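Please treat every number below as a calculation from the coordinates, not as lab data. Note that the structure is predicted; figures quoted are calculated from it, not measured. Cβ atoms come from the backbone with ideal geometry, glycine included; neighbour counts cover every protein chain shown.
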Amino acid sequence: MLTVVQTVLFAPGTVVDQIFPYTGQSAQDYTTDRYKNKGSGRFESNYFESELGARGLINSNVGPALKSFPFYEDASTIHDAIERFMATFVNSFYATKKAITRDAELQAWVTEAQGPAEAIDFPSITSNGDLIDVLTHIAHLASTSHHTVNTNELIDISSTLPFHPPALYKPIPTRKGIKNVANYLPPFNQVLTQFAVGALFARPKFVGSKRALLHMFDDPNMLDRMNPKTRKAAAKFKKDMQAFSADVSGRTFDTDGLSQGMPFVWRALDPNVAPYSITT
């Protein structure tokens, strides 16, 4: 997967060089620095609401609260549903706190994550709540976090300028007084390249398929090994996500020309469109 990404996106003369104001190498350097040194790679500190709070996007003591936040609104619905499933799964398996700490395989996994795997800020797991949080966050990273800016979202939403970073084809201005923002938009040929790249990442065959997010826990082979409470929780998750998908796909503008308080219709996290895992 990494080799494909490096070859298609970051190699000299390829996608990032063509459609961003910075080079592929600059993008790799920036991302690596953000991950290792600037907090982006921290596991526990970047739990869903903790990360948004640290950025001042929710629960901020500075300035007014955001009046509209479509990502948070939709991601919260999915995140809460994932957390409910994980709570049932974990609590129905580990009857006591001691059961967690005595699970040798689980604790060996934690030791590896905190040690040889070099996972940054990976927590100790000494209670059911700890494990629920970890599993929920892993599912969030692979679904609602990743697919907000990837796969089917790219060509459908982000490629509609100005909702994506390639909309800026020059470095961000460092002074005020810029009167012609069109000078910062990409030339026509680069726009076509952006659309082509967005289409390259799309997974249209996943829409309405078993790979869609609403089927995250809908795996007969897995569920056959689970207890009745977990199987019931999986069915509840699927039902809730089907209902949420109907809400998202049915969105349109209200009488004020707004959707979710915004001047655009945002459907990036439709559970019947977004995949439930990172794809190749």
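Dipole magnitude for the stretch 122-238: about 220 debye, using +1 per Lys or Arg Cβ and -1 per Asp or Glu Cβ, origin at the Cα centre. Shape class of the stretch 233-280 from the Cα gyration tensor (axes a ≥ b ≥ c, square roots of the eigenvalues): oblate, since a/c reaches 1.5 or more and a/b does not exceed b/c.
If R0 is 45 Å, the Cβ-Cβ spacing of Asn37 and Asp218 corresponds to a FRET efficiency of close to 0.70. What the Cβ-Cβ distance of Arg225 and Lys205 gives, at R0 = 30 Å and to the nearest 0.05, is a FRET efficiency of 0.60. 3J(HN,Hα) couplings calculated from phi for the stretch 53-61 with the Karplus curve 6.51 cos²θ - 1.76 cosθ + 1.60 (θ = phi - 60°) are, in sequence order, x, 5, 8, x, 8, 9, 6, 8, 8 Hz; Gly and Pro show x.
Prolate is the label for the chain, because a/c, from the alpha-carbon gyration tensor with a ≥ b ≥ c as root eigenvalues, is 1.5 or above and a/b exceeds b/c. For the pair the stretch 194-250 and the stretch 107-138, the centres of their Cα atoms are 25 angstrom apart.
Once the Cα atoms are used to define both axes, helix 228-249 deviates from the longest principal axis of the chain by about 20 degrees. The relative contact order of the chain, computed from alpha carbon pairs under 8 Å that lie at least 6 residues apart in sequence, is 22 percent.
Residue by residue, the stretch 130-136 carries 3J(HN,Hα) couplings of 4, 5, 4, 4, 5, 5, 5 Hz when phi is fed to the Karplus relation 6.51 cos²θ - 1.76 cosθ + 1.60 (θ = phi - 60°); x denotes Gly or Pro. Take 40-46, 58-64, 202-208 and order them by the average number of nearby Cβ atoms within 10 Å per residue, most first; the result is 40-46, 202-208, 58-64. Seen against the Cα atoms of the chain and their longest principal axis, helix 70-93 is set at about 20 degrees. Counting only residues at least eight positions apart within a chain, or on another chain, the lysines with an alpha carbon under 27 Å from that of Lys38 are Lys170. Every helix of 4 or more DSSP H residues in the chain counts as -39500 (n - 2.57), and over all residues that averages to -13500 deg cm²/dmol at 222 nm.
Bridging of Lys210 to lysines at a Cα separation below 23 Å is possible for Lys229, Lys232, Lys236, Lys238, Lys239, once same-chain residues fewer than 8 apart are set aside.
With θ taken as phi - 60° and the Karplus curve 6.51 cos²θ - 1.76 cosθ + 1.60 applied, the whole-hertz 3J(HN,Hα) list for the stretch 256-272 is 8, x, 10, 9, 6, x, 10, x, 8, 9, 10, 10, 4, 10, 5, x, 9 Hz, x standing for glycine and proline. Axis of helix 24-37 versus longest Cα principal axis of the chain: the two differ by about 40°, to the nearest ten degrees.
Cross-link reach is defined here as a Cα-Cα straight distance under 24 Å, omitting same-chain residues fewer than 8 places apart; for Lys67 none of the lysines meet it.
Listed peptides 244-251, 148-155, 96-103 appear in the order 148-155, 244-251, 96-103 once ranked by packing, highest mean of other Cβ atoms within 10 Å at the front.
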